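So the structure is just underneath, and the comments pick up after that.
The values are calculated or read from the model by the stated rules, or taken from the named source; none is laboratory data. Please read all numbers here as calculations on a predicted model, not as lab measurements. Here the Cβ positions follow ideal geometry from the backbone for every residue, glycine too, while neighbour counts run over all protein chains shown. Surface areas here come from the heavy atoms of the whole protein model, side chains and all, with no ligands, DNA or RNA. Shrake-Rupley method; radii C 1.70, N 1.55, O 1.52, S 1.80 Å.
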Amino acid sequence: MTKRCLTALMMVLIMCLPHISQGAPSPVRIGLCIYNMSDPFVNSISDAIIREAGTRAEMILQDAKNNQNLQNSQVEALLDSGVDGLILNPVDRMASVYLIRMAKARNVPVVLINREPLREDLVLYDKAYYVGIDPSEQGRLVGEMAAGMFLADPQLDRNGDGTMQLILFKGEPGHQDAELRTLATLDALAQSGVQVTLLEEVVAQWERRLGQQRMAALLTNLGDEVECVISNNDEMALGAVEALKAAGWFTGRRWIPIFGIDAIPSALTALEQGTLAGTVINDGEGIARASLQLTELLIAGQPISTANFPWPLENKVLYLKSEPVKRQTR
Ligand code: BGC
């Protein structure tokens, strides 16, 4: 480079310097690791986090496509690139321990969402937290809603045997929301005094398509026997609705109560249209706001208190509130 070129370059750099030093501080960089972006509920959480972050934080979104090995390498690459924090929705909650250890080794805070790590894994690192919703409460709410509807409307007991013939759709086995919602739902039904015959407990992996396929197969075997369907989430419930519609239900007086959990927009539409009897709010917006704020506080090294974090944390775990949403009439 000639001397003149060098001088010109120096001049440009010097002219730029004041702007650089006076500019806004660069936003923190947060890795957002989602287990599977084709899951509508977690997709909505991810959207809400990115929206909430705005220009305050740079979010680096990674979709693990339901593959834990892929997620492990995504987290490693994010840590190598020097992210300031991680919001992590693990593919397999049992694998969280590995990811928590990786984050700890780099002293990077990690807030897990929606798929709850074991408590013994969470205590391994003081900058590891969990934000989710109490699945037992959600399961109880949906069970109570179904029992209440059954008790209030004798016509729902179509064969008049004083027993609810139930099909229960379960999400992914091992997921706390599938296991604990199922237990709490059955428990709430038992507590309500409604006699229940569990015709089938079907695993449909949280998916609408599988919900529809499994329900269609069950209808072939069980015919009109089923009197109520309760699902661990709305997607599977809406799949069951599709299969029932195809079998001639929801026309004229042929109605059967179907319940889900999440209160996703398509479920609220189904509630209005009368095909879904009820759902329970799974506060994705709340998970988004709380997990982002927590991550930012941890990155800033601030002690978490009720003054800067308005949600109730217990042992580094935050459970947001749930609420039932039901149709008033049928
Ligand atoms: C939701 C499901 C979702 C799952 C993903 C649950 O809390 O109810 O709809 O598929 O989380 O982890």
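In region 44-109 the Cα-Cα distances spread across 10 Å bins starting at 0 as 19, 53, 27, 1 percent of all pairs. Given the rule -39500 (n - 2.57) for each run of at least 4 DSSP H residues, summed and divided by the residues of the chain, what is its mean residue ellipticity at 222 nm, to the nearest 500 deg cm²/dmol? It lands at -14500 deg cm²/dmol.
Near residue 245, which lysines are there with a Cα under 28 Å away, not counting those fewer than 8 places off in the same chain? Correct list for residue 245: 170, 326. Amide H contacts of residue 58: 28, 29, 30, each under 5 Å away and 5 or more positions distant or on a separate chain (H built 1.01 Å from N in the peptide plane; Pro and chain starts excluded).
Once all protein chains are placed together, residue 169 keeps about 0 Å² accessible to a 1.4 angstrom probe.
Rg and Dmax of region 282-321, based on Cα coordinates, read 9.9, 30 Å. The 3J(HN,Hα) values that the Karplus relation (6.51, -1.76, 1.60; θ = phi - 60°) gives for region 253-258 are, in residue order, 9, 7, 10, 9, x, 10 Hz. Gly and Pro appear as x.
Rounded, prolate or oblate: which one fits region 230-313, using the alpha carbon gyration tensor with axes a ≥ b ≥ c (rounded when a/c is under 1.5, else prolate when a/b beats b/c, else oblate)?
Because a/c hits 1.5 or more and a/b exceeds b/c, region 230-313 counts as prolate.
With a Förster radius of 30 Å, plug the Cβ-Cβ distance of residue 101 and residue 203 into 1/(1 + (r/R0)^6) and report the FRET value to the nearest 0.05.
Numbers: r = 30 Å, r/R0 = 1.02.
For R0 = 30 Å, the calculated efficiency reads 0.50.
Excluding residues on the same chain fewer than 8 positions from residue 65, give the aspartates and glutamates whose Cα lies under 20 Å from its Cα. The reachable aspartates and glutamates, counting only those whose Cα sits under 20 Å from residue 65, are 39, 47, 76, 92, 116, 172, 177, 207, 235. Ordering 274, 290, 165 by Cα displacement along the dipole of the chain toward the positive end leaves 290 in first place; charges were set at the Cβ atoms of Lys, Arg (+1) and Asp, Glu (-1). Rolling a 1.4 Å probe over the protein heavy atoms leaves residue 29 with an accessible area of roughly 70 Å². Enclosing the Cα atoms of the chain in their convex hull gives a volume equal to 174 cubic angstrom per residue.
So, in Å, what gap is there between the alpha-carbon centers of region 85-138 and region 250-288? Centre-to-centre distance over Cα atoms comes out at 30 Å. Out of every Cα-Cα pair in region 164-231, what percent are more than 21 Å apart? Value for region 164-231 (Cα pairs over 21 Å): 25 percent. Computed over region 64-205, the quotient of the alpha carbon radius of gyration and 2.2 N^0.38 Å is 1.39. Considering only 143, 162, 171, the mean-square fluctuation computed in a Gaussian network model of the chain, springs between alpha carbons under 10 angstrom, is largest for 162. Using Cβ point charges alone (K and R +1, D and E -1), the dipole size of the chain about the Cα centre works out to roughly 1140 debye.
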